[in-house]
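First up is the structure itself, then whatever we jot down about it.
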Amino acid sequence: KTITMITKKLKLSKKNFKVRAGVFLDDANLFYAQKKAGWRIDFGKLIKLLKGEVNVVLSHHNIAVPAKWDEAFGRTDKYLKNLGEVSLVKTKPLKYIRSSGHIIKKGDVDLELALDVVRNLEKLDVVVILSGDSDYVELRKFVLERNKKIIFMAFRENISWEIKEGKYLILNNLKEYIQLSEKKTPRYYTGRLLLDILYQKGRKKSI
């Protein structure tokens, strides 16, 4: 029923149809969200679940990288090498700002992610944003104005009320399937949940 609804709306044949999805991850937002939640995501598991129902055309991981002199560089470098097997890593230098004798690290990637979506939008049916940041509300408006679908995946602890005004999935509900170092066979595909939210009739916005 869900697939029929999608193909009819997009005017695609059932025989050759599979939703083309692009996954865009805001590492800065997810980093702090995972600390608040107390557990980490295995992005390989998450992408695999999505591929069960949608054609993941691209998966981009946007991250600000510390300077080599920063003690955090080694951990970040190891992290990025593992990510390279799952997603295309898109980096920018972490910014260091001196303030009152202290150094403040700034690594926002929201602008880079938004432009990444814009550049790739024509080859996608669905945009999946891993972030709960309200800065992406204008991006959501842009995507919808071009008759594309967009959904946010975020932690319950770090999702803004503005993001909840649209379609979203709470990552906490998928914890047993996507938690790092935990092994679990899913009873359902995350991709199917995503499609159900995006294409269902009515006003339901999340699961």
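When only the Cβ of Lys, Arg, Asp and Glu is charged (+1, +1, -1, -1), the dipole of region 117-166 relative to its Cα centre reaches about 240 debye. Tell me which aspartates and glutamates have Cα within less than 13 Å of LYS141's Cα, excluding those fewer than 8 residues away on the same chain? Straight-line reach from LYS141, under 13 Å: GLU162, GLU165.
Remark on MET153: its backbone amide H falls under 5 Å from those of ILE129, LEU130, SER131, LEU169, a criterion applied only to residues 5 or more positions apart or on other chains, H modelled at 1.01 Å from N. In this structure, the residue pairs whose Cα-Cα separation is over 22 Å, taken from LYS36/LYS90; LYS68/LYS92; LYS35/LYS167, are LYS36/LYS90; LYS35/LYS167.
Partner aspartates and glutamates whose Cα lies under 15 Å from the Cα of LYS45, excluding those fewer than 8 positions away in the same chain, are identified as GLU53, GLU85, GLU176, GLU182.
TYR79 contributes about 50 Å² of solvent-accessible surface, heavy atoms of the protein only, 1.4 Å probe. Of the peptides 39-52, 136-149, the ranking by mean beta-carbon count within 10 Å, highest at the top, reads 39-52, 136-149. Per residue, region 93-185 exposes 55 Å² of accessible surface when a 1.4 Å probe is rolled over the protein heavy atoms with every protein chain present.
Set the Förster distance to 25 Å, then compute FRET efficiency between LEU144 and ASN82 from the Cβ-Cβ distance, nearest 0.05. With a Förster radius of 25 Å, E is 0.15.
Rolling a 1.4 Å probe across all protein chains gives SER100 an accessible area of roughly 110 Å². Taking the simple approach of a point 7 Å from Cα along Cα-to-Cβ for both TRP161 and GLU176, what is their distance in nm? Simple spin-label model gives 3.3 nm for this pair.
The solvent-accessible area of ILE104, taken with every protein chain present and a 1.4 Å probe, is close to 90 Å².
The values are calculated or read from the model by the stated rules, or taken from the named source; none is laboratory data. Being a predicted model, the structure only gives us computed values, none of them experimental. With ideal geometry, Cβ positions are generated from the backbone for all residues, glycine too; neighbour counts draw on all protein chains shown. The accessibility values were calculated without ligands, DNA or RNA, using every heavy atom of the protein model including side chains. Shrake-Rupley method; radii C 1.70, N 1.55, O 1.52, S 1.80 Å.
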